[in-house]
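Comments concern the structure below.
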Amino acid sequence: MGREQALQALYSIVVGHRDAADALSEVIGETAPAEHRAFVRDLVLGSLDYTGEADSAFAPLMEGWSLERLPTIDRLLLEMGTFELRCRPQTPAPVVINEAVELAKKFSTEDSGRFVNGVLSAVANAKA
């Protein structure tokens, strides 16, 4: 649920040109537990701050694809997943990858789950 909300907020910020604080408030609300709000906020703000590093990390791993050709949801999931793999080591890599794959299957194209899995797995293996 937290990663899905983070993806929704990121989409709202990037595509809808919304202010991060407004998008987070709208997606999370004020009634969610503080720990949950902090997790989503960390994923969103961390992903936004880490976008350049994330793109540099996974762009060379996308065989036959360029950042410009990626569906927006896939790019956001790869950026968020790369941020989490590189900057939040407390979360096991398989959890990060699986959650991103499930979100890709739910919100993006038919092939996105397999694509996101391959790229994030390569990112995880590259850091090891």
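Read the figures in this text as sums done on the coordinates, not as results from a lab. Nothing here was measured: the structure is a model prediction, and the numbers come from that model. Don't worry about glycine lacking a Cβ; one is built from the backbone with ideal geometry, like all the others, and counts go over all protein chains shown.
Brief remarks follow.
- The charge dipole of the range 1-59, taken about its Cα centre with unit charges on the Cβ of Lys, Arg, Asp and Glu (plus for the first two, minus for the last two), comes to roughly 100 debye.
- Charge context of residue 4, other residues only, Cβ under 11 angstrom, K/R +1, D/E -1: 0
- Converting phi to 3J(HN,Hα) with the Karplus coefficients 6.51, -1.76 and 1.60 and the offset θ = phi - 60°, the range 65-76 yields 10, 10, 4, 5, 8, 5, x, 4, 4, 4, 4, 5 Hz in sequence order, with x at every glycine or proline.
- A Förster radius of 22 Å, combined with the Cβ-Cβ distance separating residue 109 from residue 66, puts the computed FRET efficiency at roughly 0.85.
- The chain: most fluctuating residue of 35, 84, 102 per GNM, C-alpha cutoff 10 Å: 35
- Within-13-Å neighbourhood charge of residue 67 [Cβ basis; K, R +1; D, E -1]: -2
- Protection proxy ranking, peptides 40-47, 19-26, average beta carbon neighbours within 10 Å, highest first: 40-47, 19-26
- Dividing the helix sum by the residues of the chain, where each DSSP H run of 4 or more adds -39500 (n - 2.57), gives a mean residue ellipticity at 222 nm of -23000 deg cm²/dmol.
- Residue order, fewest to most beta carbons within 10 Å, for 31, 82, 51, 91: 31, 91, 51, 82
- Rough spin-label spacing in nm, given labels placed 7 Å along Cα→Cβ, for residue 122 and residue 4: 2.9 nm
- Counting other Cβ atoms within 10 Å as a rough exposure proxy, the listed residues 48, 67, 76 run 67, 48, 76 from fewest neighbours to most.
- The label point for residue 88 and the one for residue 42, both projected 7 Å from the Cα toward the Cβ, are 0.7 nm apart.
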